[in-house]
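Structure record follows, encoded as C-alpha cells.
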Amino acid sequence: MKDFVIPDDRDMGTPAKVGAAVTLSVDGFDVTVPEGTSVMRAAAEIGLKIPKLCATDSVDAFGSCRLCVVEIEGRRGTPASCTTPVMEGMVVRTQSSKVKKIRNGVMELYISDHPLDCLTCAANGDCELQDMAGAVGLRDVRYIAPQAGGLANHFEPRSGAEANPEWMAKDESNPYFTYDPAKCIVCSRCVRACEEVQGTFALTIEGRGFDSRVSAGGPLDDFLGSDCVSCGACVQACPTGTLQEKSVIELGTPERSVITTCAYCGVGCSFKAEMNGDELVRMVPYKHGEANRGHSCVKGRFAYGYATHQDRILKPMIRDSIDQPWKEVSWEEAIGFAAARMRGLQEKYGRKSIGVITSSRCTNEETYLVQKLARGVFMNNNTDTCARVCHSPTGYGLGQTFGTSAGTQNFDSVQYTDVAVIIGANPTDGHPVFASRLKKRLRQGAKLIVIDPRRTDIVRSAHIEASYHLPLRPGTNVAVVSALAHVIVDEALFDETFIRERCDWDEFTEYAEFIKDVRHSPEMTEILTGVPAEDLRKAARLYATGGNGSIYYGLGVTEHSQGSTTVMAIANLAMLTGNLGREGVGVNPLRGQNNVQGACDMGSFPHELPGYRHVKGEEVRSIFEDLWGVKIDPEPGLRIPNMLDAAVGGSFKGLYCQGEDILQSDPDTHHVAAGLAAMECVIVHDLFLNETANYAHVFLPGSTFLEKNGTFTNAERRINRVRKVMQPKNGYEDWEVTQLLAKAMGADWQYTHPTQIMDEIAATTPGFANVNYAMLEERGSVQWPCNDAAPEGSPIMHVDGFVRGKGRFIVTEYIATDERTGPRFPLLLTTGRILSQYNVGAQTRRTENTVWHAEDVLEVHPHDAEVRGIKEGDWVKLASRAGETSLRATLTDRVVPGVVYTTFHHPDTQANVITTDFSDWATNCPEYKVTAVQVGLSNGPTEWQREYNEQAQQSRRILPAAE
Amino acid sequence: MSHEKLTRMANQIASFFATQPGSDQAQRVAEHLKDFWGPEMRDELKAHAAADDSDLSPLVRDAILLI
C-alpha cells in the first residue's frame, strides 16, 4: 500500500484570490501574490504562520479574534492580517514585541474562559486553541473567577454549591458529532462555514458580548431538530473540540491519512481517510479535491459505517435452489460451483444464455474486467450496467448531438455561470456538494431557473430563490424544453455566429423551421404541460440573454419514454444560445452513482466496447481481439430489461451481477422477480444479502471502497484514485473475484494490481491513452479525454469545435407517453431521492443516517389528500396497473395537485412494484418518473409486502458452517 | 419476449424517426434496430411481422425489410 503524499494541506488563513501580482515584504522576505490576497495568506505562502483563531481558508476573513495582528510600516496601530489586503511595496512585521504582547493578552483572555482539560479532550493534539497558546508562549493566566459565586465563565457546570447559569450541556443530538458549548470560543467559523461553504444558514450567533453563543436554529432547537444537514463543514471549521466527530471521541486522534474518493454520488468528492492502523477514524473532505474543493455532505463525510456493519457477508455462499438456506463455503468451492454452472448453462442453452451486469459503484478497473468477462470469456455481448436505468439517454442524446457521451464542463465551471437551469434534478438532495457550490454562485447574483414537477429545496431556501420555477406535469419535458427553444428562435434570441461557426447550418434551418411552428409555443403547450406561458417565455429570455447559461439535469430528464429526446432538446438549447465550449456554460448531466460515467466509459453497454465504440466496427473489435486472443461477437447483446424478458421467455439462464440490486432498483418488481426466478444461476457479488440475492444461487462477498485500489470517474469525467486503506474483510478486492471466476471458466488472466488493468484500458481506449496511476499520483486527478491531443486532460469539452465535427440540431417532437391517467389511476407518481439516503439504501440504511429518513413516505398535495380522507401520517395504499404497496403519507404543497411523489430507498416499501415496464424509445431506460396511480387509505402493509418480507426472510437463512 | 412489448418498443422507435426530416426514416429505424437490438430480438420481430404485422407502424414494416 502506498500512502499519498499530501502536497500542501496547510490552512492558509484566508481564501485564495485571482488578480494582478502584488509584491510585498513580510519579515524581510519578499513575496508576490495576487491582488486582494490578505497579508495573512501572503505570509503563509512563504511559510510564515501568523497566529490566528477566527480565520481559516475555507471562509472569508472576519477579523474578530485579533490574534493575527501585525505591524505595517507607515501605518498606525496593529491591523489584523486576515482582513488587511496586500499592497505593492508593503513592509510587514509579524513578530514585534508589540504584537507579541497583544497576542499574549488575547490568548490569556481566551484561555481564562476555557476548560483546561486538554489531556482528556477529544481534540487533544488537533486543537488550534492549544496550538496558539503554544505559539504565542502563553505561560500564565491571571484571570481567575471569584470562588464565592457570581462565576463568570462558560465551562464550569457548578459555581460552588450553585449551578452555573452560563453553562450549557453538550448537544449530542446529531448522530455523528457533538456540540460542547463549554469549549466554544465564539470565533464563528462554524456559522460562516454553514453560510459560505454549505449555504444552509442553520447556525447563528445568539446573544451579544459575553452572552454570545453558537446556536443551531431557534432557542428550542438542537442540532438534529434544526435546519442542519450534517454536512460537517462546521465541524471541519471548528478550531477547538466544540464541534467534534463522535468517532474521534470514541477512537482517538487519527495518526495517518490516505487520499481517496467517495463511493456515493456522481460528484465524486475527494476525502482524506484518517486512520489509526487499519481502523478508519474519520473521513475529512480533501481541500485540494477538484470536484469538491474541501466540502462534503452527510453521506460521504459520515455515512461509512456500513463498511463494518454486522450485516456484511464475508464468506462465499452457495445453494442449489433459492428455496434452500445458504451454505457457507470456501472461495474455491464457490467459484468452482459458479463456473461449472455458468459453463453448464452455456452448453445446455447456448453461448448467449448468460450475461453480466457491471456496477456503477465499483471501480473502472473492476467494471472493465466484468465486461471483458462477458465479451472474452462468456463470448457474448450480454453486458449491461445500471446506467441503463439512469443515464443511458444521456449517452445516446449527447452522442447524437455533440458526438460524446458526457457532460461538457467541470464543476468549477459553476463559479462562472450567470444563469443556471436545473431540469429534473434535485441537487440539494442528490448532489449536495455541487448544490452548495451552485448556491454560493447564486448568492453572488447568478440567476436560477428550475424545471421540475416538485418545488425542490433549490427553488427557494435561505438567501436563494429561483427566478422561475416551471412546475411541469410529469412526462411533458420535451414539450417544455421545445417551448423554450421556440421562444428563443421565434424572438430571434439565438446566437447566429456560434451556430454558423460550430453547427451544421442546414440542419439548423430545418430545426428552426420545425421549432418555430406555433404548436411549440408556450401558449399552445401550456394546456398539456401546466407551465404558465408567460413564465416560460421569461425563463427562455433569461437563459438566452442572461450571460453564461448552464444546464444541469438529472434523472427527471432521462427516465421517461422520451428521455433521449429531452437530452437532445437540451443540447439544442445550448447550441442555439452558444452556451458551449467555455467556462460557466454547458450541458451537465448530474450522474446518480459514483462511477456511472466510468461504467459507461468502460464498455459496459452491450452494443459498445470501451470508449463508446460500437461492436459492429471491425477495426475496434480487432484491437481487443488481438489483445485478448478471442473473437468478439459483432452483434449487440442484451440490455438489462431484455435480459429479464429473455429470462421470462426461457432463453436467458445465468447472470453475474456485481454491486447492483436490480430487484429493488429496477422498475416493475414483479417482472424483475419473475425474470430472476426463471434463471438457473444468479451470482450476486455484493457487500450484503441485497434483495436480488433472494433469488441468487451464489453469493460472492464484495469489498468496500476502503478495501481496494482503483479509479472512479465522476460526472465531470474526472478520473480519481480510490485507495486501499485496509485489507478487504472478505479476503479479495472485487477485481480479484472477477478474475477468479474468469480463470475458473478457462481464461488466462494474470493481473496482480489494478494499475495493470488501467494500462490495458489506456492501451485500447483513445480517450484514456495517457492515463496511468503514476500520473494520477502526481496530479491527483485528470479529466478525460487525456491523450496526446489533450495531455493535461479536458476540463471543458468542445472548446474549439464539437467532438463529432459540426454540432447537430435534432428535431424533437413531443410524443405523449402511453402511461396516462384515467378513472382507475387518476394521479401521476414520480420518484426521487433524499439527502440522507442513497439509491436502494443498502449502504445508508446501515448507518445512522436513518435518523433523518427511516422509511419512504408518499408526498400528497393537501387537496388530493382531502378528497380521499387522508391525513398526515396515515397509511395509504399506492396502486398502479403494475402492482401495489403501502406506505405513510405526508401532506405537502411541494407537489402540485394530481402529482404524488416518493423515494425508493427502502425494500419494505418497494416503490418499484408500482413503476411500469414502459421505457425510453432509444435506450430502454425505464420510465420511473411517470406512473399513473391511485392512492387510498389502508390499514398497513399490503398482503404482497407481507409475503415479500416472508420470502426475503426465508431466502436469507444461512446454515451454520460445517465443521 | 412478449409480442406486445416488442411491438411497442419498435413502434416507439419508429415514432421518433417518423418526426425526423428527410426521406430515409425507414433506413434510420432499421439502423437503430441493428445497433441496439440483439439479433434474437430482431428475428423475433421479423417472425412476428411475418405472422401478423397489423400492430406494427408502417415505418417499422418498411424497416423490417431492411434488416
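The values are calculated or read from the model by the stated rules, or taken from the named source; none is laboratory data. Here the structure is a predicted model, which means the values were calculated and not measured. With ideal geometry, Cβ positions are generated from the backbone for all residues, glycine too; neighbour counts draw on all protein chains shown. These area figures cover heavy atoms from the full protein model, side chains too; ligands, DNA and RNA do not enter into them. Shrake-Rupley method; radii C 1.70, N 1.55, O 1.52, S 1.80 Å.
Helix-only arithmetic for the protein assembly as shown: the sum of -39500 (n - 2.57) across DSSP H runs with n ≥ 4, divided by the residue total, places the mean residue ellipticity at 222 nm at -9000 deg cm²/dmol.
Solvent-accessible area lost on pairing A with B (1.4 Å probe, both sides summed) amounts to about 2300 Å².
The per residue volume of the convex hull around the alpha-carbon atoms of region A:663-811 is 182 Å³. Compute the separation of the alpha-carbon centres of region A:855-897 and region A:171-235 and state it in Å as a whole number. Cα centroid of region A:855-897 versus Cα centroid of region A:171-235: 34 Å apart.
Full extension of the segment from A:His614 to A:Asp311, taken as 0.36 nm per residue of separation minus the current Cα-Cα distance, would add 105.0 nm.
Shape summary of region A:410-532, radius of gyration then Dmax from alpha carbon positions: 16.2, 46 Å.
FRET efficiency for the A:Asp893 to A:Asp11 pair, using the beta carbon distance and R₀ = 51 Å, is estimated at 0.70. Given +1 at the Cβ of Lys and Arg, -1 at the Cβ of Asp and Glu and no other charges, the dipole of region A:309-352 around its Cα centre is 280 debye to the nearest 20.
Computed in the context of the full set of protein chains, the accessible area of the protein assembly as shown at 1.4 Å probe radius has 51% of its extent on carbon or sulfur. The fraction of Cα-Cα pairs per 5 angstrom bin, counted from 0 for region A:158-217, comes to 4, 15, 23, 26, 17, 8, 4, 2, 1 percent, rounded to whole percents.
Each pair of Cα atoms in region A:795-916 enters the Kirkwood radius, and Stokes-Einstein at 10 °C and 1.306 mPa s then converts it into a translational diffusion coefficient of 93 µm²/s.
R0 = 56 Å: FRET efficiency of A:Thr755 with A:Leu109, Cβ-based, nearest 0.05? Show your work: numbers first, answer last.
Numbers: r = 54 Å, r/R0 = 0.97.
Calculated value: 0.55.
Annotation: Cα Rg of chain A relative to the compact-globule expectation 2.2 N^0.38 Å equals 0.97.
Which value results for Rg/Rh of chain B when Rg is the Cα radius of gyration and Rh the Kirkwood radius based on the inverse mean 1/r?
Working: Rg = 10.7 Å, Rh = 11.6 Å.
Expressed as Rg/Rh, it is 0.93.
When Cβ neighbours within 10 Å are restricted to other protein chains, what is their mean count per residue of peptide A:637-648? Kindly include the intermediate steps, with their values, before the conclusion.
Working: counts 3, 4, 4, 0, 3, 8, 0, 1, 6, 5, 0, 2.
Per residue, the number of nearby Cβ atoms from other chains is 3 on average.
Normalised Debye scattering of region A:158-308 at q = 0.17 Å⁻¹ gives log10 I(q)/I(0) of -0.99, counting only Cα atoms as equal scatterers and leaving out solvent. Rolled with a 1.4 Å probe across the full set of protein chains, the surface gives A:Asp908 an accessible area near 100 Å². Measuring heavy-atom accessible area with a 1.4 angstrom probe and counting protein chains only, the residues of region A:920-935 that give up at least 20 Å² relative to the chain alone are A:Trp921, A:Ala922, A:Asn924.
Between A:Phe29 and A:Arg76, what is the FRET efficiency for a Förster distance of 30 Å, r being their Cβ-Cβ separation, to the nearest 0.05? Could the numbers behind the result be given before it?
Numbers: r = 24 Å, r/R0 = 0.79.
Efficiency, from the Cβ-Cβ distance: 0.80.
Take the alpha carbon atoms of region B:1-56, find their center, do the same for region A:748-805, and report the distance between the two centers in whole angstrom. Here the answer is 37 Å between Cα centres.
Rolling a 1.4 Å sphere over the protein heavy atoms, what is the accessible area per residue of chain A, to the nearest Å²? Display every interim value, and only then the final one.
On the way: 33940 Å² over 963 residues.
Here the residues of chain A average 35 Å² of exposed surface.
Restricting the calculation to Cα atoms, region A:93-184 yields a radius of gyration followed by a Dmax of 15.4, 49 Å. The three principal axes of the Cα atoms in region A:21-95 give end-to-end lengths of 26, 25, 19 Å, sorted in falling order.
Would you mind working out the magnitude of the charge dipole of region A:158-308 relative to its Cα centre, with +1 at each Lys and Arg C-beta and -1 at each Asp and Glu C-beta, to the nearest 20 Debye? List each step's numbers first, then the result.
On the way: 15 positive and 19 negative charges, 83 e Å.
Dipole of region A:158-308, to the nearest 20 debye: 400 debye.
Distance from the Cα centroid of region A:479-496 to that of region A:1-75 is 48 Å (rounded to whole angstrom).
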